[in-house]
Amino acid sequence: MEPLTEHRLVSGPVVYGFLRLVRVPRARQDALVASLAEYCRSHELQLSGLFTDRVAAGSSSAAFTGLLDVLALPDVYGVVAPAMSHLGPKTIAAERGRQIESAGARLLLVRRPSPKPSTVSRRAPVHRTRSGTTRVVDAES
């Protein structure tokens, strides 16, 4: 039986990865790189490069400056990071996020921030699953 679709290499939107790796073992670094590559593959993005920040503190780093430089190139869609924490501590990450967006690029996070507790309705019934985890069920469904 033949596949229903053709499998051809299609160049997707160009993105660049950014990792903040301060005192990270090689195995963790390899896993993070693999997760970015898989995210890009599954979302049909073209991972064109990876910038790695190894600076423990401070808002300016050579890696982030290089990232901002490539965001000025034509046809760059955005930046992929495992989580917001890879942009740095909260205040630095927020500023870096604004810089990425002001460059006209999108910030794509593999792991989105968890919802704030106030977004969950306190009146919704709570059901326990077999694994012991708690799940909130929408009362309107």
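Things to note:
- Checking each residue in the range 91-114 for being open to solvent by less than 40 Å² (accessible area, probe 1.4 Å) and in contact (Cβ under 8 Å) with a residue 60 or more places away in the chain picks out only Leu108.
- Residues being in a loop (DSSP other than H, G, I, E, B) and either farther than 20 Å from Val22 by Cβ or hydrophobic (A, V, I, L, M, F, W, C) (or both) - total across the range 85-116: 9
- Residue match in the range 39-46 (condition: among the charged types (D, E, K, R), at pLDDT 90 or above and touching a Leu at 6+ places or on another chain (Cβ under 9 Å)): yes
- Taken together, the criteria place Pro25 among residues that are modelled with pLDDT under 95 and surrounded by fewer than 10 Cβ atoms within 10 Å (Cβ to Cβ).
- Hits in the range 53-84 - residues which are open to solvent by 50 Å² or more (accessible area, probe 1.4 Å) and outside any helix (DSSP H, G or I): Arg54, Val55, Ala56, Ala57, Ser59, Ser60, Ala72, Leu73, Pro74, Asp75, Tyr77
The values are calculated or read from the model by the stated rules, or taken from the named source; none is laboratory data. Quantities reported herein were computed from a predicted structural model and do not represent experimental measurements. In this analysis, Cβ positions are derived from the backbone assuming ideal geometry, glycine residues included, and neighbour counts consider all displayed protein chains. The accessibility values were calculated without ligands, DNA or RNA, using every heavy atom of the protein model including side chains. Shrake-Rupley method; radii C 1.70, N 1.55, O 1.52, S 1.80 Å.
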